[in-house]
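Reviewing the structure listed below.
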Amino acid sequence: MYIAETSALKDEAVFNRLYSSVPAYRQKKIDRFRFEKDKRLSLGVALLLKRACEDFGIAGADEHVECSERGKPYFVDYPQIHFNLSHSDERVMCAISTYEVGCDVEIIKKDRLHIAEKAFSPSEQAWIKSLGDALEQDKGFYRIWTLKECYMKVTGLGFELIPSDFALHMDDSRILLNHNGLRPEYVFREFDFNDGYKYACCLRDAPVGCVIDVVKGYTDE
């Protein structure tokens, strides 16, 4: 899993140089964005994917990416290798694995309970309210939100799944998914770097004790 912040891309010279290093399809996607912040985020995830492919021994795989009918991206030349991308505010995230994977990063915002009442199951709402003060409840909201998004993305269905139709049990030792029954084939991981964001990923059919390597920081190479 790769995580970076995008502030270095505010430098026009750095942005332009790194823009030229990503595939043409990504450049076209970047160009379609109106706001500079969105351009930086789109370039940021492309750079992480490029780095991930190099580290994974499949350099160049990011140059041949297509999307399923529901929009889930995949490598054309390496269908056995899976990846997922996410971004929020000034953070970008990439997960790559031999297992099907979904990832999500979200900046923590205040007063999210009104969203939880619409998008979360009753048990998830109760868990958030049990956390105490407003800050801890906001963090709890984003723990569940990122985990739900990861699951929705790893399935390839995205928001065709209704978030309130499935529930996460937040156990101290393991996060369990109930979606028309327990679904132990989905393994969840959370990451908290005390930077004002929440990060999570979900793997399908991975061993419960699997270790996820995390690479942090922006590299200007």
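Is it the case, given these coordinates, that residue 215 is open to solvent by 60 Å² or more (accessible area, probe 1.4 Å) and of a type in the set (Val, Ile, Thr)? For residue 215, the condition - open to solvent by 60 Å² or more (accessible area, probe 1.4 Å) and of a type in the set (Val, Ile, Thr) - is not met. Within segment 116-143, the residues that satisfy the criterion of being more than 19 Å from residue 174 (Cα to Cα), open to solvent by 50 Å² or more (accessible area, probe 1.4 Å) and not in a loop (DSSP other than H, G, I, E, B) are 117, 118, 122, 129, 134, 135, 136.
Just name the residue that is surrounded by the most Cβ atoms within 10 Å (Cβ to Cβ) out of those in segment 7-25 that are among the hydrophobic types (A, V, I, L, M, F, W, C) and not in a loop (DSSP other than H, G, I, E, B). Steps first, please.
From segment 7-25, those among the hydrophobic types (A, V, I, L, M, F, W, C) are 8-9, 13-15, 18, 22, 24; that's our starting set.
Adding the requirement that they be not in a loop (DSSP other than H, G, I, E, B) leaves 8-9, 13-15, 18, 24.
Values: 8: 15, 9: 25, 13: 7, 14: 13, 15: 18, 18: 19, 24: 8.
The selected residue is 9.
The residue of segment 153-179 that is farthest from residue 211 (Cα to Cα), among those that are in contact (Cβ under 8 Å) with a residue 12 or more places away in the chain, open to solvent by 40 Å² or more (accessible area, probe 1.4 Å) and in a loop (DSSP other than H, G, I, E, B), is 157. Considering segment 48-61, the residues that are open to solvent by 50 Å² or more (accessible area, probe 1.4 Å) and touching a helix residue (DSSP H, G or I) at 6+ places or on another chain (Cβ under 6 Å) include one that is farthest from residue 87 (Cα to Cα), namely 59.
Looking only at residues in segment 68-101 that are part of a loop (DSSP other than H, G, I, E, B) and among the aliphatic types (A, V, I, L, M), the one that is farthest from residue 210 (Cα to Cα) is 76. Looking only at residues in segment 65-82 that are touching a residue at least 12 places away in the same chain (Cβ under 8 Å) and over 16 Å from residue 152 (Cβ atoms), the one that is least open to solvent (accessible area, probe 1.4 Å) is 75.
Does residue 199 count as closer than 26 Å to residue 67 by Cβ and in contact with a strand residue (DSSP E or B) (Cβ under 9 Å, 6 or more places away or on another chain)? So residue 199 fits the description; yes. If the condition is being open to solvent by less than 50 Å² (accessible area, probe 1.4 Å) and either of a type outside the set (S, T, N, Q) or more than 23 Å from residue 216 (Cα to Cα) (or both), then segment 26-47 contributes 26, 27, 30, 39, 40, 41, 43, 44, 45, 46, 47. On the given criteria, is residue 99 in contact with a Leu (Cβ under 9 Å, 6 or more places away or on another chain) and either open to solvent by 50 Å² or more (accessible area, probe 1.4 Å) or of a type in the set (Ser, Thr, Tyr) (or both)? Against the criterion (in contact with a Leu (Cβ under 9 Å, 6 or more places away or on another chain) and either open to solvent by 50 Å² or more (accessible area, probe 1.4 Å) or of a type in the set (Ser, Thr, Tyr) (or both)), residue 99 qualifies. Restricting attention to segment 198-212, the residues that are open to solvent by less than 70 Å² (accessible area, probe 1.4 Å) and of a type in the set (A, V, I, L, M) add up to 4. Does residue 195 satisfy the criteria of being open to solvent by 70 Å² or more (accessible area, probe 1.4 Å) and not hydroxyl-bearing (Ser, Thr, Tyr)? No, not satisfied.
The values are calculated or read from the model by the stated rules, or taken from the named source; none is laboratory data. Computed from a prediction, not measured in an experiment: that's the story for all the values here. Positions of Cβ are backbone-derived with ideal geometry, glycine not excepted, and every protein chain shown enters the neighbour counts. Just the protein is used for accessible areas: all its heavy atoms, side chains included, with ligands, DNA and RNA removed. Shrake-Rupley method; radii C 1.70, N 1.55, O 1.52, S 1.80 Å.
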